Amino acid sequence: MKVSSFQKLKLSSSDLDAYLTKINIFENKKFIFPHEETSEDSQITKDIIKNSVIVLGVTFLSVDTEIIIEDNIFILDGHHRFKFIVENKIDEIFEVVLIDLHSVTIESHNCELNIDIDSFIKKIKSDYSFNDKNRSGHFIKINQKEYWSEDFSNIYELYKYKKELMSNRIISPIANSEESKNIIVNFSPISSKDLSNSRVFPYKSTWITPRFDS
């Protein structure tokens, strides 16, 4: 994909490049992929889309008088807005941020624990042999203490388990920027190499910075 009109954004990190531009999202939908599922109770409207930007993680091939990027683009923020545009076939131009997919910080989206901590630790040990001794495989972090398991063959399986815990109301997502008095649970972080155009992670899997939603 080529972009000829753009504005470089000034970020706090000088090592991270991001550009504001406008593209026809519906026209380019075959190149744009979600990395997370969406929820069913979205309140997206056309006004919301018009007054916010969708953040796209891209691989820059060159930046000069025009930007050339790989035709393999991942939504970092704006999954529900993208879905609304595609489902409603809105064939219009929208503002987007293009940012280097491989340089953003991808963290596990925080969750609050809804049951007592001893019961939760007992459950994850029973389900997938999590322990705090053998630091190999994938981990669940509970108030900064890591419990590791070798029972998952990949990061997708770990996050499938996270989805199960969320569906059963054992944990509930909370913004990483939000203070909480409850116990915080998160998981092994996802990296850019884990993003795929054929697989998506559960809703509220990642917390990606920098953020452009304020």
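Here are the numbers for the structure shown:
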item: Residue identified as modelled with pLDDT of 95 or more, closer than 30 Å to residue 60 by Cα and polar (S, T, N, Q) among 214, 167, 205, 196; result: 205
item: Scan of the stretch 79-138 for residues that are within 17 Å of residue 158 (Cα to Cα), polar (S, T, N, Q) and in contact (Cβ under 8 Å) with a residue 40 or more places away in the chain, ordered by number; result: 108, 110
item: Meets criteria (more than 19 Å from residue 138 (Cα to Cα) and assigned by TED's automatic domain parsing to the domain that holds residue 146) for residue 190; result: no
item: Residues that are crowded, with 22+ Cβ neighbours inside 10 Å and among the basic types (Lys, Arg), drawn from the stretch 72-83; result: 81
item: Qualifying residue in the stretch 154-166 (condition: in a loop (DSSP other than H, G, I, E, B) and touching a His at 6+ places or on another chain (Cβ under 8 Å)); result: no
item: Residues that are surrounded by 14 or more Cβ atoms within 10 Å (Cβ to Cβ) and assigned to a helix (DSSP H, G or I), drawn from the stretch 84-139; result: 84, 85, 120, 121, 123, 124, 125, 128
item: Strands (runs of 3 or more DSSP E) (entirely within the stretch 4-57) containing at least 2 residues that are touching a helix residue (DSSP H, G or I) at 6+ places or on another chain (Cβ under 7 Å) and touching a residue at least 24 places away in the same chain (Cβ under 8 Å); result: 32-34
item: The stretch 12-61 - residue that is closer than 27 Å to residue 163 by Cα and loosely packed, with under 13 Cβ neighbours inside 10 Å and, of those, nearest to the chain's Cα centre (by Cα); result: 39
item: Cβ-Cβ under 7 Å pairs, at least 6 apart or on other chains, the stretch 197-214 side more than 19 Å from residue 97 (Cα to Cα) and touching a residue at least 40 places away in the same chain (Cβ under 8 Å), far side surrounded by fewer than 20 Cβ atoms within 10 Å (Cβ to Cβ) and acidic (Asp, Glu); result: 200/37; 202/37; 203/37
item: Residue match in the stretch 64-71 (condition: surrounded by 20 or more Cβ atoms within 10 Å (Cβ to Cβ), in a loop (DSSP other than H, G, I, E, B) and at pLDDT 95 or above); result: no
item: Extreme residue, surrounded by the fewest Cβ atoms within 10 Å (Cβ to Cβ), among residues of the stretch 167-187 that are part of a loop (DSSP other than H, G, I, E, B), in contact with a Phe, Trp or Tyr (Cβ under 9 Å, 6 or more places away or on another chain) and not aliphatic (A, V, I, L, M); result: 177
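The values are calculated or read from the model by the stated rules, or taken from the named source; none is laboratory data. Since this is a predicted model, take the numbers as computed values, not measurements. Because the Cβ atoms are built from the backbone with ideal geometry, glycine has one as well, and the counts that use them run over all protein chains shown.
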